[in-house]
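Beneath this line is the structure, given in structure tokens, with notes to follow.
Nothing in this text is a laboratory measurement; each read-out follows from the coordinates by a stated rule. Source: prediction; values computed, not measured. A quick note on method: Cβ atoms are made from the backbone with ideal geometry, for glycine too, and the neighbour counts reach across all protein chains shown.
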Amino acid sequence: MQVQAPYIGRFAPSPTGPLHLGSLATALGSFLDAKVHRGQWLLRIEDIDEGRSDSASAEHILHTLKRHGLQWQGEVWVQSQRHTVYQATLTQLQDKNLIYPCACTRKEIDQINAHRAPGENRIYPGTCRNGMPEGREARAIRFRCPVEPIEWRDHRLGALKDDLNVSSGDFVLKRGDGFWAYHLVVVVDDLASKVTHIVRGEDLTDTTARQIAVWKALQGGLDPQAVVPPPAYWHLPVILAADGQKLSKQTGALAVPEHDPVLNLDTVWRHFGLDKIKATAASQWLELAAPVWANYRAAQAAR
Ligand code: GLU
């Protein structure tokens, strides 16, 4: 009999501003999904970009989650404390010859992509894949994309496929100035915390293939039984502001209002197309919302 891994979900905000309603929706969705599976819900502060992250925002996120009854299990994972782990992972990828140093500047890559429309992905053409040009210095460490396209299934979006050679090319895992790329740290931490289910905003859908590629690259020790399959993904629709823009720090989204947690929960609930829940406290609201979420999950499943 195959024993299913217990459900472990997570919420992984970047503390680059206070928690806004869009992030509250993601937090709520991933929380309830863990709750209906009787699983664990972890919290990870993705403050790896220390220039853009600040501790006041991290504090606001923790405080706001608690006020809404969104209590995580265990210690908070904090990326800025995990540099040694990321470095060790890079060494592991190096040993498998899955990364290489790249000397290309942003300008050089832009020039090669000059024919692409603004807003279209810029593709790295693999200039340094087989070695950097003579006399050049490394500016980044890149991941060698697998030859085969990545295929996966999203709970809501169904079967998806992405040929990374066409959509991104070999991508950066560490920048020359020492910054870790999101695609590395998110995978290292999801693996280390044994995450089985990722419920997050659909603005991250097109990052998934790169993350699955890194996830797979980090498998394959001596024991084939030890191979951990990538997490199950569910990308939720993101909340749009009245002008159709995604609610985000970049578009100046406001912090979740302080005064009425139940009202805030109802506001994001409406965004999922679900009816108001009659409750006086956040904890009661969440108890009543869980069975509704279970039905919503079933209704959202791609056919
Ligand atoms: N830290 C990312 C963000 O705030 C989310 C990462 C993830 O859920 O994979 O957009």
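Quick notes
- Qualifying position, being near the ligand (Cβ under 9 Å from one of its atoms) and more than 18 Å from Cys128 (Cα to Cα), among Leu191, Leu184, Leu204: Leu204
- Odd one out for Gly69, checked against (1) within 14 Å of the ligand (Cβ to nearest atom); (2) assigned to a loop (DSSP other than H, G, I, E, B): (1)
- Criterion: farther than 22 Å from Arg156 by Cα and touching a residue at least 60 places away in the same chain (Cβ under 8 Å) - qualifying residue of Thr84, Thr64, Thr26: Thr64
- Flag for Gly74 being crowded, with 18+ Cβ neighbours inside 10 Å, in contact (Cβ under 8 Å) with a residue 24 or more places away in the chain, over 17 Å from the mean Cα position of the chain (by Cα) and in a loop (DSSP other than H, G, I, E, B): no
- Number of residues in region 4-26 that are under 18 Å from Asp203 (Cβ atoms), more than 9 Å from the ligand (Cβ to nearest atom) and not in a strand (DSSP E or B): the value is 6.
- Test result for Leu42, within 14 Å of the ligand (Cβ to nearest atom) and out of contact with any Asp or Glu (no Cβ under 6 Å at 6 or more places or on another chain): yes
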